[in-house]
Amino acid sequence: MTDFSKLLVADRGQKARIIHLVDKESFDEWAKSRPAEDRALLKAHAFNGKSGFAFAILPRGADEFEVVSAVADAKSLSPWCLTKLGESLPEGTYRLADGEPGQAALGWLLAQHRFDTYRKAEESERGPRVLLTGEPARSDAAIRLAESTALVRELVNTPAMDLGPGELEQVVRDEAEKFGGVVRVISGDELSSGYPLIASVGAAATRERSPRLIEVEWGNPEHPRIAIIGKGVCFDSGGLDIKLASWMRLMKKDMGGAAHALALARLIAGERLPVRVHLLIPAVENAVSGNALRPGDIVKSRLGLQVEIDNTDAEGRLILADALAKAGESGPELIIDFATLTGAARTALGPDLPALFSNDDELSDQLASAGKAITDPIWRLPLWDAYDEMLKSDIADLANAAGGSPMAGAIVAAMFLERFVPADTPWAHFDTYAWRDAAKPGRPKGGEALGLRAAFTALTARYRPS
C-alpha cells in the first residue's frame with residue numbers, strides 16, 4: 001500500500017511551492033494582488049476562478065513556480081478539491097498559501113494511491129507530491145482515513161482467485177495484530193451447528209474456500225460495546241439461481257461490506273475511541289455444486305427462525321442474519337452492518353449514494369449528518385412494516401426473498417435483517433455499492449469506500465463528543 005505518511009508532513013519552514021485556492025467570488029480580488037505577468041497568463045488561459053478543479057502554473061524562474069486552482073468554495077474545502085493537483089502536479093513539496101488543508105488532505109493523499117499489484121511497474125512513474133501542514137494531529141487522522149479507504153479499495157479490487165474466505169481471514173488477522181485484537185474463527189462442524197445459514201450458503205465451495213465466521217474483539221470491557229458486521233461473500237455466482245455473466249463480472253466485490261467493516265474497525269482502533277468493539281465477518285463463496293443450497297430448502301438460523309430459501313442469490317442476508325444474531329447475544333449498545341446487498345438500492349439511489357436503514361431515528365440522524373458534513377453522503381430508506389408480508393413463507397417462519405417480486409427489493413432485504421436484530425438495540429444497515437463505475441479525480445474506477453467516513457465520523461462524535 002502507498003506510504004501516505006510521506007505525502008503529508010509537518011510544516012517546519014521547508015522550501016515549498018505555493019498553492020493558491022480561489023473560487024468565483026474571491027478570484028477577482030485575488031487577481032488584483034498578483035503581478036501583471038500572472039494576470040496576463042491567467043487571461044490567456046481564460047482562467048477566471050469558475051472552472052471547477054482546473055489549475056494554472058505561474059512561473060517563477062528556473063524550475064520554480066506557484067499554482068492557482070479554482071475550487072467550489074475556497075473557505076470550506078471539500079475532501080476532493082485538491083485531488084486534481086495531487087494527481088497532476090510535478091513531484092515536489094507544496095504548501096497552501098492560506099490556511100490548512102483540513103479534510104482536503106484526504107483527497108491529496110488518495111490522488112496518489114495506485115492499485116498496481118497486477119500491473120507491470122512503470123519506470124517513468126513520478127515521485128511523490130508532498131503537502132505541508134501545521135496540524136500534525138489532523139494529519140495523522142487524514143493518513144488513517146486514507147489508509148483505511150485504500151484498504152477497502154484494494155480488497156475489493158483483488159480478484160476472487162486471490163481473495164477467498166481463507167485469504168480474507170488472514171487479512172483480518174494481520175489487521176487485528178496491529179491493534180491487539182483477539183481473533184476467533186468458527187468453521188467446520190462448529191459452524192454447521194452454530195451458524196447454519198452461513199454454513200449452508202458456503203457449502204458448495206471447495207474445501208480450500210470453505211465458509212467461516214471471523215470474529216475480532218478488542219477494547220476495554222468497561223467501555224460501551226458496539227458490533228460491526230460486514231458481508232464477506234468473496235465471490236457470488238448466485239448459486240443455483242445463477243447470475244447472468246454480465247452481472248457476475250463484478251462479483252469479486254461482493255465482500256465489499258467486509259472490507260468496510262474491517263476498515264471501520266481499523267479507524268476506531270487508530271482513533272482509540274472508548275468503545276469495546278466486536279467485529280464479525282461471515283466469509284463465504286456462493287458457488288455451484290451438487291451440495292449447493294437449493295431453492296425451496298429450509299434452514300434453521302442461529303436465532304431459531306426457520307428460513308425458506310426463495311432465491312439462492314439472496315445469500316448475503318442469510319450470512320448476515322447469523323452474524324447479527326451472534327452480535328445481539330452480547331448485548332451491544334449498537335450494531336452497524338455493511339453489505340453490497342441489493343441491486344435495488346443501486347436502482348433507487350445510483351452508485352454513489354449508499355442506502356441507510358435503521359431502527360433508531362437518533363442513530364440515523366447522526367449518520368446522515370456526519371455524511372453530509374464530510375462529503376460522504378448516505379440516504380435513509382424506510383423499514384416499511386406493510387412490506388413484511390413479502391417475506392412470508394407458506395411452510396416456514398419466513399422466506400429470504402419476496403417470491404420473485406421486483407418491488408422494494410432493498411427494503412425487503414433490510415426488513416429480513418431486522419428480524420435478527422434485538423428489538424431494543426439501535427441498528428444501522430448500509431446497503432453500499434463499494435464500487436465506482438467511472439473515474440473521478442482521486443477516485444479511480446474500481447473498489448470504493450462509500451459510507452465508511454460517515455459511520456466513523458458519527459461514532460467519533462457519539463463516543464468522543466467535542
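Of the GluC sites (Glu not before Pro) found in region 215-265, those that fall in a DSSP loop while having at most 10 other beta-carbon atoms within 10 Å are GLU222. Each part reduced to its alpha carbon centroid, region 426-452 and region 116-168 end up 15 Å apart. Annotation: amide H-H contacts under 5 Å for THR93 (H modelled 1.01 Å from N, sequence separation of 5 or more, or interchain): ARG17, VAL130. Computed from backbone phi with θ = phi - 60° and the Karplus coefficients 6.51, -1.76 and 1.60, the 3J(HN,Hα) list for region 352-360 is 8, 10, x, 7, 10, 10, 7, 8, 9 Hz; x is used for glycine and proline. Express in whole angstrom the spacing between the alpha-carbon centres of region 190-251 and region 308-330. Comparing the Cα centres of region 190-251 and region 308-330, I get a distance of 9 Å.
Modelled this way, with points 7 Å down the Cα-to-C-beta line, the labels at ARG380 and SER76 are 2.1 nm from one another. Once the Cα atoms are used to define both axes, helix 256-271 deviates from the longest principal axis of the chain by about 60 degrees. Put in order of Cβ neighbour count within 10 Å, fewest first, the listed residues ASP365, ASP322 become ASP365, ASP322.
Sorted from longest to shortest, the spans of the Cα atoms of the chain along the three principal axes equal 82, 48, 42 Å.
Looking at this model, which pairs from LYS50/LYS84; LYS231/LYS253; LYS252/LYS445; LYS253/LYS445; LYS231/LYS392; LYS231/LYS440 are more than 19 angstrom apart at the alpha-carbon?
On the way: LYS50/LYS84 15 Å; LYS231/LYS253 10 Å; LYS252/LYS445 14 Å; LYS253/LYS445 13 Å; LYS231/LYS392 24 Å; LYS231/LYS440 27 Å.
In this structure, LYS231/LYS392; LYS231/LYS440 lie more than 19 Å apart at Cα.
Here the simple spin-label model places points 7 Å from the Cα toward Cβ, and for ARG173 and LYS32 these points are separated by 6.7 nm. Expressed to the nearest 5 percent, the antiparallel share of DSSP beta bridges inside region 4-126 is 40 percent. Expressed to the nearest 5 percent, the antiparallel share of DSSP beta bridges inside the chain is 45 percent. Paramagnetic label reach from ILE298 (point 7 Å along Cα→Cβ; backbone nitrogen cut-off under 19 Å): within region 378-399, residues 389-399.
Arranged from fewest to most other beta-carbon atoms within 10 Å of their beta carbon, LYS43, LYS24 become LYS43, LYS24. Our coupling estimate for region 310-316, obtained by passing each phi through the Karplus curve with A = 6.51, B = -1.76, C = 1.60 and θ = phi - 60°, is 7, 8, 6, 8, 9, 8, x Hz, Gly and Pro reported as x.
When a footprinting reagent is the concern and you count Cβ atoms within 10 Å, what order do ASP397, ASP236 take, fewest first? Each step should come with its number before you reach the end.
Details: ASP397 17, ASP236 27.
So the ranking, lowest neighbour count to highest, is ASP397, ASP236.
For region 26-88, state which GluC sites (Glu not before Pro) are in a DSSP loop and have at most 12 other beta carbons lying within 10 Å of their beta carbon. Answer in residue order: GLU64.
Relative contact order (percent) for the chain, with alpha-carbon contacts under 8 angstrom and 6 or more residues of separation? Normalised by residue count, the contact order of the chain is 15 percent.
Can you give me the relative contact order of region 92-188 as a percent, contacts being Cα pairs under 8 Å and 6 or more apart?
On the way: 43 pairs, mean separation 32.1, N = 97.
It rounds to 33 percent for region 92-188.
Proximity of backbone amide H atoms, modeled 1.01 Å from N, is registered between LYS300 and VAL307 at under 5 Å, excluding neighbours fewer than 5 places apart on the same chain.
Once the Cα atoms are used to define both axes, helix 452-463 deviates from the longest principal axis of the chain by about 90 degrees. Against the longest principal axis of the chain, how steep is helix 136-157, in degrees 0 to 90 to the nearest 10, with axes from Cα atoms? For helix 136-157, the angle is close to 50 degrees. FRET efficiency for the pair ALA54 and VAL182, taken as 1/(1 + (r/R0)^6) with r the Cβ-Cβ distance and R0 = 56 Å, rounds to 0.65. By the helix-only formula, in which each DSSP H run with n ≥ 4 contributes -39500 (n - 2.57) and the sum is divided by residues, the chain has a 222 nm mean residue ellipticity of -9500 deg cm²/dmol.
Rule-based calculations on the coordinates, nothing more; no lab input. Predicted model, so just to flag it, every value in this text is computed and none were measured. All Cβ positions, glycine included, derive from the backbone under ideal geometry; neighbour counts span all protein chains shown.
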